[in-house]
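One structure is given below, encoded as C-alpha cells.
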Amino acid sequence: MAKTVSHFGAAVRDLVRSTVVPEDDVLVESRKRALAAGLPAIEIAPEDGSLLALLVRLAQPALVVEIGTLFGYSAIWMARALPPGGRLITIESEARHAAVARENLAAAGLSDTVTVRVGDARELLVGIGAPVDAVFVDADKPSYPTYLAWARQALAPGGLFAADNAFQGGRVAAPGPDDPGAAAVRAMLETLAADDGWQPAIVPTLEGMALAIRTGRG
C-alpha cells in the first residue's frame, strides 16, 4: 500500500495492525485483486478503515454515500458496520476500478448492501435523494468543496461527513499556485470552520481525516 508509515514509525504501525485493526482474508484478497488488475495502491490504511467502521457503527445510518470507490476497500469496512437494512452507494469515475470493486464486494458478501455507480460524482450525486445519513469522500481533491456543498444539503441533521487526505502531505498549510487539490482541500476546511451548519474536527491520521456533524443550523 502507498500509505504505510504512521507518525510514530513502522513498529507502532505494525503493532496497531496486528492487534487493534487486523485485516481479515477478505480485505487482504481485495487488495490482491486490485494489484493484479493494475489498480493504484492508494486505498485508505486499515486503521482508517477501522475508524470509518467505528463511525458508521455509532451513526447507525440507513444510507451512506461514498465518493471515490477505487477497488471497494473502504466500502467493505463501512458496509460491514451498517445496521440491518442499511445501504451504501459508492461512486467511482473509472469503470475498470468499479469492476474490481464489484468483484471484491461480491466476495465479501456485500453485493446486496452496496451499489456501485460509475461516472462523474458531480453529476451522479444529483440523483441521490435526501436525506443521507453519512458521506465519505476520498476522490478528486479539486472537487472537495463541491462535495461538501452537496453533503450540506443532503445530510440529515446529525449526519456525518468525512473526507480523507485533509493534510495533503502538509501542503494544505500553504498551497502553491500549481496545487489546486491542496487549495481546494484548504477551502473545504475553512468552510467547515466558518459555517455553523457544521461541527468539525480533524483526526490526525497519516493523511488527515476531516470529520463534521451536520448541525441542522443555517
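The values are calculated or read from the model by the stated rules, or taken from the named source; none is laboratory data. Computed from a predicted structure; not experimentally measured. We place every Cβ from the backbone using ideal geometry, glycine too, and count neighbours over all the protein chains shown. Each accessible area value is taken on the protein alone, full model and side chains, heavy atoms only, with ligands, DNA and RNA left out. Shrake-Rupley method; radii C 1.70, N 1.55, O 1.52, S 1.80 Å.
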(request) Any residue in the range 36-56 that's farther than 14 Å from Phe71 by Cβ and among the basic types (Lys, Arg): show its pairings with residues that are open to solvent by 10 Å² or more (accessible area, probe 1.4 Å) and part of a loop (DSSP other than H, G, I, E, B) at Cβ separation under 7 Å, as long as the two are six or more apart or on different chains. (result) none
(message) Give all pairs with beta carbons closer than 7 Å in which a residue from the range 171-195 that is among the hydroxyl-bearing types (Ser, Thr, Tyr) meets a residue that is in a helix (DSSP H, G or I); count only pairs at least 6 apart in sequence or on separate chains.
(response) Thr191/Pro145; Thr191/Leu148
(request) For residues that are among the small types (Gly, Ala, Ser) and in contact with a helix residue (DSSP H, G or I) (Cβ under 7 Å, 6 or more places away or on another chain), scanning just the range 122-161, find the one that is farthest from Glu29 (Cα to Cα). (result) Ala130
(request) Please state which of the following conditions Gly127 fails to meet, knowing it meets all the rest: (1) more than 28 Å from Gly216 (Cβ to Cβ); (2) free of Cβ contacts under 8 Å to residues at least 12 places away in the same chain; (3) small (Gly, Ala, Ser). (result) (1)
(request) Counting only residues that are surrounded by fewer than 20 Cβ atoms within 10 Å (Cβ to Cβ), give me the strands (runs of 3 or more DSSP E) lying completely in the range 52-121 with at least 3 of them. (result) 114-118
(request) Give the residue that is nearest to the chain's Cα centre (by Cα), with candidates limited to residues of the range 174-218 that are assigned to a loop (DSSP other than H, G, I, E, B) and surrounded by fewer than 11 Cβ atoms within 10 Å (Cβ to Cβ). (result) Pro204
(request) Considering each residue of the range 126-153, count those that are over 22 Å from Arg186 (Cα atoms) and either assigned to a helix (DSSP H, G or I) or not charged (D, E, K, R) (or both), and give that number. (result) 7
(request) Name every residue in the range 34-51 that is buried (at least 22 other Cβ atoms within 10 Å of the Cβ) and either touching a His at 6+ places or on another chain (Cβ under 6 Å) or charged (D, E, K, R) (or both), in order of residue number. (result) Glu43, Asp48
(request) Under 6 Å between Cβ atoms, at least 6 apart or on separate chains: pull out the pairs that start in the range 9-30 with a residue that is outside any loop (DSSP other than H, G, I, E, B) and end on any residue that is open to solvent by 40 Å² or more (accessible area, probe 1.4 Å). (result) Val16/Glu47
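Please verify whether the range 152-169 includes one or more residues that are under 24 Å from Pro46 (Cβ atoms) and open to solvent by 50 Å² or more (accessible area, probe 1.4 Å).
yes
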